[in-house]
Amino acid sequence: MNVHHLELFYYVAKHGGISQAVRQIPYGIQQPAVSGQVLALEEALGTSLFQRRPFALTAAGKRLAEFITPFFENLDEVAAELRGEAGQRLRLAASAQALRDHVPDLLRKLHKRTPLVQLCLQEASQAQAEELLQRQEIDMAITELADRPVAGLKAHTLLRLPLVLLVRQDSPLKSAKELWTTETVRLPLVAYGEQQTLTRQFQTELRRRGHRWTVSVEASSMDLVETYVAERFGVGLSVAVPGVQPRPALRALPLPGFAPLVIAALWQGKLAPLPAAFLDLIKARATEMNRVRAEKSSVDQSSGQSSG
């Protein structure tokens with residue numbers, strides 16, 4: 001028997017039906033998914049567990065409910081016993097760039113407060129992170145937010161990063177709109193793969209405006225995007241990160257009207273003390289980065305008014 005199927009049946013038996021169970025299950029799952037997985041459990045057992053309308057447990061359903069109920073009802077108590085160990089554990093999923101550029105420094109600060117007993121880091125997209133959270137295999141995720149998080153997860157927006165195009169300093173392009181003169185943009189595009197959030201978001205807006213621009217050079221990091229633009233392989237798709245400038249050989253062209261790339265923290269339920277402390281550090285880092293961007297924007301506006 002599949003343990004997850006047993007858990008869903010526990011909620012169905014406890015709350016008297018599938019629709020009632022969906023409202024009580026402490027993570028996001030839709031009614032058709034519950035119906036399908038409970039049906040799979042019945043098929044595995046070769047018997048019906050309950051009558052649908054009106055709801056009533058069969059004899060087999062009553063026996064199974066009696067057997068599994070003590071296990072599921074005592075999970076919170078066991079979890080409380082284990083929190084002493086779990087409180088010193090941090091399981092984090094994030095993008096490769098976040099894991100490389102931000103997480104190490106944040107972990108050093110966290111370690112000064114509380115030594116880590118166990119650390120687990122995983123690279124993951126939003127969909128992968130949500131699945132890991134639902135399976136309770138990670139405590140938290142730092143991810144690009146392409147879609148609304150699934151039901152049952154908590155989210156905190158950290159950054160909204162404006163999209164930009166990177167060109168060489170000696171490029172004749174003065175603005176991005178110079179590229180939108182034909183339906184298909186002819187210059188090579190250096191960017192993440194077509195399925196990555198940043199690229200999909202950029203191309204969705206381009207299509208809305210009636211243009212197409214496929215990725216010619218696929219890069220796995222922002223550093224590689226900059227490297228290939230500097231080597232004259234095309235125009236790069238990137239984001240404006242507060243306090244971070246492109247390498248000297250490059251300059252950024254703003255993309256007005258394009259939605260920013262949203263970076264958010266995701267988690268489920270109440271965080272243990274250590275993940276909660278790490279979340280506070282992430283929020284503080286994001287607040288500082290947003291302050292730097294606001295100050296730069298203010299300086300740029302003042303310079304523009306003075307020039308005018």
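The values are calculated or read from the model by the stated rules, or taken from the named source; none is laboratory data. Note that this is a predicted model, so its numbers are computed, not measured. Please note: Cβ atoms are built from the backbone with ideal geometry, for glycine as well, and neighbour counts cover all protein chains shown.
The rows are residues; the columns are (1) touching a residue at least 12 places away in the same chain (Cβ under 8 Å); (2) part of a loop (DSSP other than H, G, I, E, B).
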| site | (1), (2) |
| --- | --- |
| Ser220 | yes, yes |
| Phe233 | yes, yes |
| Ser238 | yes, no |
| Pro242 | yes, yes |
| Gln245 | no, yes |
| Arg251 | yes, no |
| Ala259 | yes, yes |
| Val262 | yes, no |
Residues within segment 12-32 that are exposed (fewer than 13 other Cβ atoms within 10 Å of the Cβ) and either modelled with pLDDT of 95 or more or not in a loop (DSSP other than H, G, I, E, B) (or both), tallied: 4
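Can you tell me which residues in segment 150-170 are modelled with pLDDT of 90 or more, in contact with a strand residue (DSSP E or B) (Cβ under 8 Å, 6 or more places away or on another chain) and farther than 22 Å from Val241 by Cα? I'd like the intermediate steps shown before the answer.
Within segment 150-170, the subset modelled with pLDDT of 90 or more is 153-170.
Then drop every residue that is not in contact with a strand residue (DSSP E or B) (Cβ under 8 Å, 6 or more places away or on another chain), which leaves 153-169.
Once the filter is applied, which keeps residues that are modelled with pLDDT of 90 or more, in contact with a strand residue (DSSP E or B) (Cβ under 8 Å, 6 or more places away or on another chain) and farther than 22 Å from Val241 by Cα, segment 150-170 yields Leu153, Lys154.
Conditions tested, residue by residue: (1) assigned by TED's automatic domain parsing to the domain that holds Ala219; (2) part of a loop (DSSP other than H, G, I, E, B); (3) small (Gly, Ala, Ser); (4) surrounded by fewer than 17 Cβ atoms within 10 Å (Cβ to Cβ).
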residue	(1), (2), (3), (4)
Arg91	no, no, no, no
Arg100	no, no, no, yes
Pro104	no, no, no, yes
Pro115	no, yes, no, yes
Ile138	no, yes, no, no
Arg148	no, yes, no, yes
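Hey, among Pro260, Pro256, which residue is within 17 Å of the chain's Cα centre (by Cα) and surrounded by fewer than 16 Cβ atoms within 10 Å (Cβ to Cβ)? Let's see the steps before the verdict.
Values: Pro256 fails: within 17 Å of the chain's Cα centre (by Cα).
Exactly one residue qualifies, and that residue is Pro260.
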Among (1) of a type outside the set (A, V, I, L, M); (2) assigned to a helix (DSSP H, G or I); (3) surrounded by 16 or more Cβ atoms within 10 Å (Cβ to Cβ) - the single one Glu66 does not satisfy: (3)
Members of segment 202-217 found to be assigned to a loop (DSSP other than H, G, I, E, B) and either under 11 Å from Phe258 (Cα atoms) or basic (Lys, Arg) (or both), listed by number: Arg209
Segment 37-51: number of residues that are part of a helix (DSSP H, G or I) and not β-branched (Val, Ile, Thr): 8
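Listed here are the residues, each with its yes/no results for (1) of a type in the set (Lys, Arg); (2) modelled with pLDDT under 95.
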{"site": "Thr182", "(1), (2)": "no, yes"}
{"site": "Gln196", "(1), (2)": "no, yes"}
{"site": "Arg209", "(1), (2)": "yes, yes"}
{"site": "Val215", "(1), (2)": "no, no"}
{"site": "Ser220", "(1), (2)": "no, yes"}
{"site": "Tyr228", "(1), (2)": "no, no"}
{"site": "Pro242", "(1), (2)": "no, yes"}
{"site": "Pro254", "(1), (2)": "no, no"}
{"site": "Gly269", "(1), (2)": "no, yes"}
Boolean, Leu274 is touching a Ser or Thr at 6+ places or on another chain (Cβ under 7 Å) and assigned to a helix (DSSP H, G or I): yes
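Can you name every residue in segment 150-177 that is under 30 Å from Leu75 (Cα atoms) and assigned to a loop (DSSP other than H, G, I, E, B)?
Passing the criteria: Val150, Ala151, Gly152.
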